[in-house]
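Input: a single structure, listed below in structure tokens.
No lab work stands behind these numbers, since they all come straight from the coordinates. Because the structure is predicted, anything quoted here is derived from the model rather than measured. Using ideal geometry, Cβ is built from the backbone for each residue, glycine included, and neighbour counts are taken over all protein chains shown.
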Amino acid sequence: MESFWEQFRGRFLQTWGKMNITQKVVVIGAGMTILFTLFVLGKMAAKPDMVPLFTNLTNSDAGAIMSRLEELATPYQLADGGTTILVPNRDKDRLRIQLAMDDLPRRGVVGFESWNETRFGETDTDKRVRLLVALQGELTRTIESLEEVESARVHIAIPEPKLFTSDATAVTASIMVKLRPFSELNSNQVLAIMRLIANSVEDLSPEQVVVIDTNMNILSEGINETSSPTAAKLTANQLQLKEQFENNLAKSVQSMLERALGYGSVVVRISADLNFDEVEQRSQIFGKNVIRSESSLEETSRGTNPLAGGEVGLDANAGLVELNTATSEYERNERIRNYEVDVFEEYIKKSPGAVNHLSVSVIVDTGEAGELEQGLRDSIKNIVASASGTRADRNDVVEVIGMPFNTKAYDEMQARMDVYQRQMKLKQLITYGLLSGMVLLGGFLLIRVGKANKSAVKQRQQLEQVVEQRVQLTPEEKERDLVKKQIVSLAKEKPSELAHLLKTWMADDSR
């Protein structure tokens, strides 16, 4: 029994032999299209997803990494003018570990590995300079390990020793950092960098360390060893609370206005003056006096008292002289009242964060109109004042103006997004079109093969019928059939003789 592939091959060759030249060209073109589509799809599927291995490389680091990748037989691509190296996503982590073992990338920084080699004829001054360069390199690598720092440079100035202490100058250090996009260093991180440098260099104090960024901002300004981290942290928290309060209030007002005026047609900014002073207030309030106790005392006395005596200067034996009697009278009144004092003590602790002043600014996009109607402006102002909670006693300010928005940058970004979306859609359409074409072509070939099979079956049936008819022919029919075959054979082999014979027969019939 023939195998499936042999049967398929036989049927295909049979169908191919029955096709005309046009059909063969169509089938060959369709086959080439299928092969090309499969090749393209295979390339797309086999192409690895390339991701950045390292970015912002120096030329020396890029060359060293490329050489190492070629030794590892790893495919790579260069981007951003050779400063970025792309590798397959599946190999990214493994390659970073292997390159880290080779101390790559060095980013042009030389560390303590320079001491692995021995240099003959090196003086003490050369050793001090090499040690200083290595120390600067190691500190640079340490600072670059911070998440917010993309690159760094460390410069340490160590003065020559002086004979007298009064003539000595202090050791200083300067650090320049390049921060990653949308990253920043807070005061605690800057102070940590200053302490790191100071503790790594002899006789260097944190006050002698200056930290700047690539935008020439002095990050270490106002930060020193005596600065209170708690106070700095508190100030940062206050600024964060202030920003959060302003953003939440502005977002609430803007979302309300955009529901009425349209999305993107309003810009709201709020500036709040918050009081972060923590106030404790104690007060005593004295009420009316209340009698707690009362006592009274009254004394009265009245009577006569005879008096006797002699004249002054007389002897004791002299006779007594009788005097007149005197009348005495005594009266005493005393009253004591004790009052209870009514005292009311009040303790008030005001939490920080109270609003001292509020300023609200609203800009409305007027488009081509150019100006905002006064009635609409007043309505917006009243609504904003009510929604933001402004108060007249705080002298809060609400300003509403109208002007056309400059949407050039937004329009350019939107145009780029539209182009990108069209490209992605076109790519999807091409992919779907190729797949659909393959499906349709495969279906077409299956239909043609099915029709060819049906045609072969029909021809076989017709052949069988002819064979059966030949088997059932009478002797006369068989003789006529034989004569017909001979005539056909003579016409193919000797057409001139057959023509001459036919002319002779026709001439005889005309006579």
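Once you keep just the Cα pairs under 8 angstrom separated by 6 or more residues, what percentage relative contact order results for the range 352-448?
Details: 64 pairs, mean separation 32.5, N = 97.
This gives 34 percent for the range 352-448.
Once the principal axes of the Cα atoms of the range 55-166 are found, what is the range along each, listed largest first in whole angstroms?
Taking the Cα atoms of the range 55-166, the three principal extents are 62, 36, 24 Å.
Report the Cα-based extents of the range 325-392 along its three principal axes, largest first, to the nearest Å.
Per principal axis, max minus min of the Cα coordinates gives 125, 28, 13 Å.
Test of understanding: what is the full-extension gain from Leu376 to Leu13, defined as 0.36 nm times their sequence separation minus their Cα-Cα distance? Don't skip to the end; give the middle numbers.
Working: separation 363, 0.36 × 363 = 130.68 nm, distance 8.38 nm.
Computed gain between Leu376 and Leu13 is 122.3 nm.
Past 31 Å, Cα to Cα: identify those pairs from Lys24/Lys492; Lys92/Lys127; Lys18/Lys484; Lys251/Lys350, in the order given.
Values: Lys24/Lys492 29 Å; Lys92/Lys127 39 Å; Lys18/Lys484 27 Å; Lys251/Lys350 28 Å.
Cα-Cα > 31 Å for Lys92/Lys127; rest within.
Can you pull the one-decimal nm distance between simple spin-label points at Ile336 and Arg422, each 7 Å off the Cα toward Cβ?
Distance between label points: 10.8 nm.
For a label point 7 Å from the Cα of Asn395 along Cα→C-beta, name the residues of the range 257-293 whose backbone N is under 19 Å from it.
The answer is 271-276.
Would you mind telling me the antiparallel percentage of the DSSP bridges in the range 134-215, rounded to 5?
Numbers: 8 of 13 bridges.
Among the beta bridges of the range 134-215, antiparallel pairing accounts for roughly 60 percent.
Could you check the spin-label model distance between Thr84 and Gln98? Points 7 Å from the Cα along Cα→Cβ, value in nm.
It is 2.3 nm.
Taking K and R as +1 and D and E as -1, what net charge do the other residues with C-beta under 13 Å from the C-beta of Val129 add up to?
Working: positive: Arg119, Lys127, Arg128, Arg130; negative: Glu122, Asp124, Asp126, Glu160.
So the environment of Val129 carries a net charge of 0.
For Arg119 and Lys178, compute 0.36 nm times the residue count separating them, minus their Cα-Cα distance, and round to one decimal in nm.
Full-extension gain reported as 17.8 nm.
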